[in-house]
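The values are calculated or read from the model by the stated rules, or taken from the named source; none is laboratory data. Predicted, not measured: the structure shown is a model, and the values here were computed from it. For neighbour counting, all protein chains shown are included, and Cβ atoms are generated from backbone atoms with ideal geometry for every residue, glycine included. We work out accessible area using only protein heavy atoms, side chains counted, and drop any ligands, DNA or RNA first. Shrake-Rupley method; radii C 1.70, N 1.55, O 1.52, S 1.80 Å.
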Amino acid sequence: MKTVNKQQIIPTTSARTLTFNIFRHNPSDPSSTPRMQHYQLAETDTMTLFIALNDIRENQDPSLAFDYVCRAGICGSCAMLVNGKPSLTCRTLTKDLPDVINLHPLPGFALIADLSVDTGQWMQGMSERLETWIHNQHLAEIDLSQVEEKMDPQKARDIYELERCIECGCCVAACATAQMNDNFIGAVGINQIARFELDPRDERSAKDFYQLIGSEDGVFGCMTLLGCDDMCPKDLPLAQQIAFMRRKMATR
Amino acid sequence: MKTIYTDALVIGGGLAGLRTAIGIKRQGFDVIILSLVPPKRSHSAAAQGGMQASLAHSVKGDGDNEDVHFADTIKGSDWGADQQVARMFVNTAPKAIRELASWGVPWNRVEAGEHEVVIDGKNVVLNEPDSHHGLITARNFGGTKKWRTCYVSDGTGHSMLYSVSNQALAEKITIHQRMEAICLIHEHNRCIGAIVRDLKSGELVSYISKATCIATGGFGRIYRTSTNAIINEGIGAAIALETGVAELGNMEAIQFHPTAIFPAGILVTEGCRGDGGLLLDADLHRFMPDYEPDKKELASRDVVARWMEVHIRKGKGVKSRYGDHLWLDIRLLGEEHINTSLREVKEICQYFLGIDPVKELIPVRPAQHYSMGGIRTTPDGQSSTLSGLFAAGEAACWDMHGFNRLGGNSVAETVVAGMIVGEKMAEFLHSDAADINISTGTAQKFYDATASRLNSFYNPEHHESAFAIMKEMQEIMSSDVGIFRHKDTLTDALAKLTTLYQRSKRIKVQSKAPGTNPELTTAYRVQMMLKLALCTTKGALQREESRGAHFREDFPNRNDEDWLSRTLATWPNEAQQQPDLHYEALDIMKMELPPGWRGYGAKDHLDHADTAKRQAQVDAVLQNDGLDRFEKQQQLMPYLHLLPEEFQAKNDRVKFKQQK
Ligand SMILES: Cc1cc2nc3c(=O)[nH]c(=O)nc-3n(C[C@H](O)[C@H](O)[C@H](O)COP(=O)(O)OP(=O)(O)OC[C@H]3O[C@@H](n4cnc5c(N)ncnc54)[C@H](O)[C@@H]3O)c2cc1C
Ligand code: FES
């Protein structure tokens, strides 16, 4: 009865030559100026942009800078603009792209070089500003040998749903407000607050949260264009969370 | 020379490094964390499956406790682990889970009432009591007697790493991102920090510290096909080796995970099989029961991976243009379960294979997954040969995994080791041993040596390509030092790697641009990685037995008589081409659980003369009805004195009423 779907046999044909137009600039090098550089590459089966960029670096241009860590769509290191669209490039298959592929670094973050940007410092700054950790006065008193406090199973799942964010920066890159206001915390920040607001272990009050995000740099800066929601590679319910936090903050 | 001073330097911002740093900071010391990447992007984030701790709060965990967890871990290790360390670990793991819960990890919880689950291919109904509703639950993983793996849907490592990272920020710990330690500073067998390369500017900086901890994770990238992140290149282990003083333990003990998607090597979690998924061959036959009638798909990883390869060798693999593979079938778990508890698996299948695992089979084949070996330490986490150097997590050979680690025991180890080693480092910092009496010229000497090493790659007479050497090394390791090992191929691999190492001394870097320079980075890393590859290969060649994940076709039995020992590798002289190896015997007369059969895998091991003697002693204690389980344990193998006081307490559990 069990049959193997034909499509599951990995396809064997592929003959495209891909053209990559890649943004190049190394701010550490005084002689470098921003420019687009072109490369050609023969496409192979199941080729991802991760595979393609490494191939270019190893065989055509050893100086090309980009970031990959997990190469499995988990860690959030590899977001770039792929033909203008913020994407996790380790899991972008070239077969889903046209013959010409334009790659730019993610806007809204400090450029390190070429396709590498400093999302990490930005995200750490956001975390420090919003204090994205459990605030609980009794933390130090918890006796770790005692049975853990109970939690509603559904609540735990709901918290995880918001915690799935991998801080890749796609929502910031897709956000008009973030591109105009450097202090805007972005959908990523608002979602973080929604996550801690939901968590019964966090003792912060609505007022505490209001102080963190109740401004033009927070929920009220959002113009509800919702590029973030469309671009989130983890399909987080960002529009819903922003609307929810806005209502919550406005009715305070 | 730019110099930064700190009490403690923690190299690595994964789970192990972060938790270690928190412990040190709480004792009032300054600590700086270095990381190649933002800590939240460390490879710990990739752990989808779960974390073992014997909370025993779900029905299938009923009766679980530290003793059961301990026995599973030792059998899993094929008796290669340090039993005292394993005891410290199992007693601290429940505390670690609870600490993480208080820091925000949304562990999945027990839900009272009936649930349908898949066990051994059949649907079974479990009934959880009301009294346990809301406590932390657990799932099944390979090589365990009880369901003990606590989890957060499909993102355990992610949630753990984010919570611990956030906690580190809450405690105002200094984090230096995109900084790579590439040399340790040391003199007279005392480590005092590291020379570090700024991966953004290319600048070298020296960090002087009274205590240094390496928590840099595994070194899977010496292999071509690995589930590890791109950054798991083992530079932390390599800089320890390059001191010539610190030792690396059991570098030949490399784990291969049964279910990496084929051919990309990306992992799909053991949770797939734990939750009831099956392995099928080209004829869609479920073959694991043929080899392991008892544990089937859920024997330990080394055993399952080996049988899969045996089955492929018998011609039962599915043919593809990239080679043969097998199938993982999770369709029977149903759409809802896959979409919630195994969503990451679904995404990986979608994005990297273009298939839907709810309806289709997943092509899998074993791939390199975990490094049991690493920097050899005492139970305190300190190197026994290089004072002031500590190690924790996958980078360390503390040694609780021996020759095979159980799924779910690694993220548990990272946090537990962090809790213990952090305290021990603080203790060290409080002691006289922390004083540094090293001449100021020492740091300069290491700084200059590092700078000249980097310069050597611009020697006009050099011509080798760093990328090409990396590829060749990975090919050799995957084809000759993999799941099946043999004297002939290992000898050949050792010779080839030695030549490759010599060639790596003549690498030429083309790109001279300042700042981040990926080619230069590859150049110095591959030279260091080759040293690790040589340790692994030489260790595998010399170990003429099979134990855990180390399998020799020409010596298929475990041999306790000659090989119940830990391999220790050093590289005392930079001019030598291969590591020196020596061995540390494991003393059966001190073991709580003397060697025996694991309950799965091969039965025909060669016993050591002490085994029967020790077993008789152990049996006598176990049969003494006047003692409770804690007293028996203490008589057999005292270990509590090794734990910081705050982690010594017994772990409380909510008991199940009806049974026994
Ligand atoms: C795909 C996958 C799934 C897994 N799933 C599970 C699971 O379900 N359960 C389980 O128990 N285990 C699992 N494991 C194993 C487990 O995730 C790892 O062993 C564990 O997370 C390692 O943690 P760590 O802190 O030791 O190292 P890592 O998390 O790897 O962190 C290493 C850190 O060191 C830094 N670093 C490295 N080198 C340097 C240097 N030279 N200088 C400065 N910084 C450096 C890195 O930037 C990083 O921050 C899995 C592993 C993989 C590969
Ligand atoms: S490299 Fe980790 S998400 Fe792409």
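All of (1) surrounded by fewer than 23 Cβ atoms within 10 Å (Cβ to Cβ); (2) within 14 Å of chain A (Cβ to nearest Cβ); (3) touching a residue at least 60 places away in the same chain (Cβ under 8 Å) hold for B:K145 with one exception: (2).
If you check B:F262, B:F256 for being within 14 Å of another protein chain (Cβ to nearest Cβ) and not β-branched (V, I, T), only one passes: B:F262. Among all positions in the stretch B:92-104, there is at least one residue which is modelled with pLDDT of 95 or more, in a loop (DSSP other than H, G, I, E, B), within 14 Å of chain A (Cβ to nearest Cβ) and more than 16 Å from ligand 2 (Cβ to nearest atom).
For B:M308, all conditions in the list (1) under 22 Å from B:H550 (Cα atoms); (2) open to solvent by 20 Å² or more (accessible area, probe 1.4 Å) hold save one; what is the number of the exception? That leaves (2) as the condition not met. Annotation note: Cβ proximity below 9 Å between a residue of the stretch A:20-35 that is away from every other protein chain (no Cβ under 13 Å) and a residue that is outside any strand (DSSP E or B) and among the small types (G, A, S) (sequence gap 6+ or interchain) occurs for A:F20/A:A52.
Condition (residue is over 24 Å from the mean Cα position of the chain (by Cα) and more than 13 Å from every other protein chain (Cβ to nearest Cβ)) applied to the stretch B:209-218: is it met by at least one residue? Before the answer, list the steps.
Here is the first cut: in the stretch B:209-218, the ones over 24 Å from the mean Cα position of the chain (by Cα) are B:209-210.
Narrowing further to those that are more than 13 Å from every other protein chain (Cβ to nearest Cβ): B:209-210.
Scanning the stretch B:209-218, I find at least one residue that is over 24 Å from the mean Cα position of the chain (by Cα) and more than 13 Å from every other protein chain (Cβ to nearest Cβ), so the answer is yes.
Every residue, every condition in (1) under 16 Å from B:A468 (Cα atoms); (2) surrounded by fewer than 16 Cβ atoms within 10 Å (Cβ to Cβ), yes or no:
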{"position": "B:A495", "(1), (2)": "no, yes"}
{"position": "B:Q502", "(1), (2)": "yes, yes"}
{"position": "B:T521", "(1), (2)": "yes, no"}
{"position": "B:R525", "(1), (2)": "yes, no"}
{"position": "B:E545", "(1), (2)": "no, no"}
{"position": "B:F551", "(1), (2)": "no, no"}
{"position": "B:Y583", "(1), (2)": "no, yes"}
{"position": "B:D587", "(1), (2)": "no, yes"}
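Only residues that are buried (at least 24 other Cβ atoms within 10 Å of the Cβ), of a type in the set (V, I, T), out of contact with any Cys (no Cβ under 7 Å at 6 or more places or on another chain) and farther than 19 Å from B:S565 by Cβ were counted in the stretch B:245-261, giving 1.
How about the stretch B:431-473: which of its residues are in contact with a helix residue (DSSP H, G or I) (Cβ under 7 Å, 6 or more places away or on another chain), assigned to a helix (DSSP H, G or I) and touching a residue at least 40 places away in the same chain (Cβ under 8 Å)? Walk me through it before giving the result.
Within the stretch B:431-473, the subset in contact with a helix residue (DSSP H, G or I) (Cβ under 7 Å, 6 or more places away or on another chain) is B:434, B:453-454, B:457, B:464, B:466-467, B:469-470, B:472-473.
Going one step further and asking which of them are assigned to a helix (DSSP H, G or I), we end up with B:434, B:453-454, B:466-467, B:469-470, B:472-473.
If the condition is that a residue be in contact with a helix residue (DSSP H, G or I) (Cβ under 7 Å, 6 or more places away or on another chain), assigned to a helix (DSSP H, G or I) and touching a residue at least 40 places away in the same chain (Cβ under 8 Å), then B:A434, B:R453, B:L454, B:A466, B:F467, B:I469, B:M470, B:M473 are the ones that fit.
Go through the stretch A:193-224 and give me each residue that's open to solvent by 40 Å² or more (accessible area, probe 1.4 Å) and either within 14 Å of chain B (Cβ to nearest Cβ) or within 18 Å of the chain's Cα centre (by Cα) (or both). If the condition is that a residue be open to solvent by 40 Å² or more (accessible area, probe 1.4 Å) and either within 14 Å of chain B (Cβ to nearest Cβ) or within 18 Å of the chain's Cα centre (by Cα) (or both), then A:E197, A:L198, A:P200, A:E203 are the ones that fit. A:G76: modelled with pLDDT of 95 or more, touching a strand residue (DSSP E or B) at 6+ places or on another chain (Cβ under 6 Å) and within 16 Å of ligand 2 (Cβ to nearest atom), yes or no? No, not satisfied. For the stretch A:95-109, filtering for residues that are more than 12 Å from chain B (Cβ to nearest Cβ) and more than 15 Å from ligand 2 (Cβ to nearest atom) leaves 9.
All of (1) more than 16 Å from ligand 2 (Cβ to nearest atom); (2) open to solvent by less than 20 Å² (accessible area, probe 1.4 Å) hold for A:P30 with one exception: (2).
If you go through the stretch B:104-118 and keep only what is open to solvent by 10 Å² or more (accessible area, probe 1.4 Å) and not small (G, A, S), you end up with B:N108, B:R109, B:E111, B:E114, B:H115, B:E116, B:V117, B:V118.
How many residues, within the stretch B:407-453, are aliphatic (A, V, I, L, M) and closer than 18 Å to B:I97 by Cα? Residues meeting the conditions: 8.
Residue under question is B:H186, and the condition is that it be away from ligand 2 (no atom under 16 Å from the Cβ), within 14 Å of chain A (Cβ to nearest Cβ) and in contact (Cβ under 8 Å) with a residue 24 or more places away in the chain; does it hold? When the stated conditions are applied, B:H186 does not pass them. Would you please name the residue that is farthest from ligand 2 (Cβ to nearest atom), looking only at residues in the stretch A:39-71 that are of a type in the set (G, A, S) and closer than 28 Å to B:G323 by Cα? Going through the qualifying residues, I end up with A:A42. For the stretch B:40-63, the candidate set comprises residues that are within 11 Å of chain A (Cβ to nearest Cβ) and near ligand 1 (Cβ under 6 Å from one of its atoms); within that set, the residue that is nearest to B:R405 (Cα to Cα) is B:A47. Of everything listed in (1) open to solvent by 20 Å² or more (accessible area, probe 1.4 Å); (2) closer than 30 Å to B:V117 by Cα; (3) acidic (D, E), the single unmet condition for B:D329 is (1).
Residue under question is B:I338, and the condition is that it be modelled with pLDDT under 95 and of a type in the set (V, I, T); does it hold? Outline the logic, then answer.
Numbers: modelled with pLDDT under 95: yes; of a type in the set (V, I, T): yes.
So B:I338 passes the test.
Matching residues to (1) at pLDDT 95 or above; (2) out of contact with any His (no Cβ under 7 Å at 6 or more places or on another chain); (3) crowded, with 24+ Cβ neighbours inside 10 Å:
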residue: B:L9; (1), (2), (3): yes, yes, yes
residue: B:L18; (1), (2), (3): yes, yes, yes
residue: B:I24; (1), (2), (3): yes, yes, yes
residue: B:G28; (1), (2), (3): yes, yes, no
residue: B:S35; (1), (2), (3): yes, yes, yes
residue: B:H57; (1), (2), (3): yes, no, yes
residue: B:D72; (1), (2), (3): yes, yes, yes
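Restricted to the stretch B:227-332, the set of strands (runs of 3 or more DSSP E) holding at least 3 residues that are under 23 Å from the mean Cα position of the chain (by Cα) and within 15 Å of ligand 1 (Cβ to nearest atom) comprises B:254-261.
Among the candidates A:L97, A:L111, A:L106, A:L41, single out the residue that is modelled with pLDDT of 95 or more and more than 26 Å from A:E167 (Cα to Cα). Quick ask: steps written out before the conclusion?
Values: A:L97 fails: more than 26 Å from A:E167 (Cα to Cα); A:L111 fails: more than 26 Å from A:E167 (Cα to Cα); A:L106 fails: more than 26 Å from A:E167 (Cα to Cα).
Residue meeting the stated conditions: A:L41.
Which residues, counting only those in the stretch B:480-514, are polar (S, T, N, Q) and free of Cβ contacts under 8 Å to residues at least 12 places away in the same chain? Once the filter is applied, which keeps residues that are polar (S, T, N, Q) and free of Cβ contacts under 8 Å to residues at least 12 places away in the same chain, the stretch B:480-514 yields B:T489, B:T499, B:Q510, B:S511. Taking into account only those residues within the stretch B:7-30 that are more than 17 Å from B:L100 (Cα to Cα) and within 14 Å of ligand 1 (Cβ to nearest atom), which is nearest to the other protein chains (Cβ to nearest Cβ)? Per the stated criteria, the residue is B:G12.
Got a sec? Which strands (runs of 3 or more DSSP E) wholly within the stretch A:84-152 have at least 3 residues that are buried (at least 23 other Cβ atoms within 10 Å of the Cβ)? Let's see the steps before the verdict.
Working: elements: A:85-88, A:100-104, A:111-113.
So the answer is A:85-88.
Residues in the stretch B:228-238 that are open to solvent by less than 10 Å² (accessible area, probe 1.4 Å) and either over 21 Å from B:A569 (Cβ atoms) or more than 16 Å from ligand 2 (Cβ to nearest atom) (or both): B:A229, B:G234, B:G236, B:A237, B:A238.
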